[in-house]
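Contents: one structure, followed by commentary.
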Amino acid sequence: MLRGRGSMLAQEQSKLIGAIAQESGVPIKTIRYYEELGLLKSSGRTEGGFRLFTPDVLARLHFIKRAQSLGLTLSEIKEFLQVHDGGELPCEHIKTKLEEKVQDIDEQIRQLLILKQELEGLLSGWEIKPVDDHTTICPIIEQD
């Protein structure tokens, strides 16, 4: 009998997916997707089949959303959560990944600066010249 009562207490402390969605601002569909990917685990289901989650899922959702805002992929986030779930802090793993992201951003900036210079060069010599060739769409873009 105690076992059944403990189960009922755990179920009472759990929250329905709709309440979690409302409190976190994360849509129900996204929460289901995260569960499907293994980022979240439901604590069970109601008799009606609705997912139940423990209140700590809110902190986990916050972590996921913040990590995404820093450019981390769901796959990377899953790795970090697995380290955490194994009883360790994933901070060193995260630090390494963020350093890689900074290097990627530096490369993107370099590529964008090259593109910007090329576009500025095209625009500085902007002059529409009539062409007799009907296959040419815009000579300024088509010139190398």
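The values are calculated or read from the model by the stated rules, or taken from the named source; none is laboratory data. All values reported here derive from a predicted model rather than from experimental measurement. Quick reminder, even Gly has a Cβ in these numbers, built from the backbone with ideal geometry, and neighbours come from all protein chains shown.
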message: Just checking, does the range 35-54 include any residue being under 27 Å from residue 101 (Cβ atoms) and among the acidic types (Asp, Glu)?
response: yes
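Here's a check for you: in the range 65-83, which residue that is in a helix (DSSP H, G or I) and touching a Lys or Arg at 6+ places or on another chain (Cβ under 9 Å) is farthest from residue 41 (Cα to Cα)? Give the derivation first.
Start the filter on the range 65-83 by keeping residues that are in a helix (DSSP H, G or I), which leaves 65-69, 74-83.
From the residues that got through so far, the ones that are touching a Lys or Arg at 6+ places or on another chain (Cβ under 9 Å) too are 76, 79-81.
Values: 76: 17, 79: 15, 80: 15, 81: 12 Å.
This residue is 76.
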query: If you check 6, 44, 18, 48, which single one turns out to be over 23 Å from residue 75 (Cβ atoms) and modelled with pLDDT of 90 or more?
result: 18
- request: Scan the range 33-89 residue by residue and report those that are crowded, with 17+ Cβ neighbours inside 10 Å, closer than 16 Å to residue 15 by Cα and β-branched (Val, Ile, Thr).
  value: 57
Breaking point among (1) over 19 Å from the mean Cα position of the chain (by Cα); (2) assigned to a helix (DSSP H, G or I); (3) of a type in the set (Asp, Glu), for residue 47: (2)
query: Would it be correct to say that residue 114 is in contact with a helix residue (DSSP H, G or I) (Cβ under 6 Å, 6 or more places away or on another chain), among the β-branched types (Val, Ile, Thr) and at pLDDT 95 or above?
result: no
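One line per residue, one yes/no per condition, for (1) aromatic (Phe, Trp, Tyr); (2) within 25 Å of residue 24 (Cα to Cα); (3) in contact (Cβ under 8 Å) with a residue 12 or more places away in the chain:
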| residue | (1), (2), (3) |
| --- | --- |
| 58 | no, yes, yes |
| 65 | no, yes, yes |
| 81 | no, yes, yes |
| 89 | no, yes, no |
| 100 | no, no, no |
| 118 | no, no, no |
| 122 | no, no, yes |
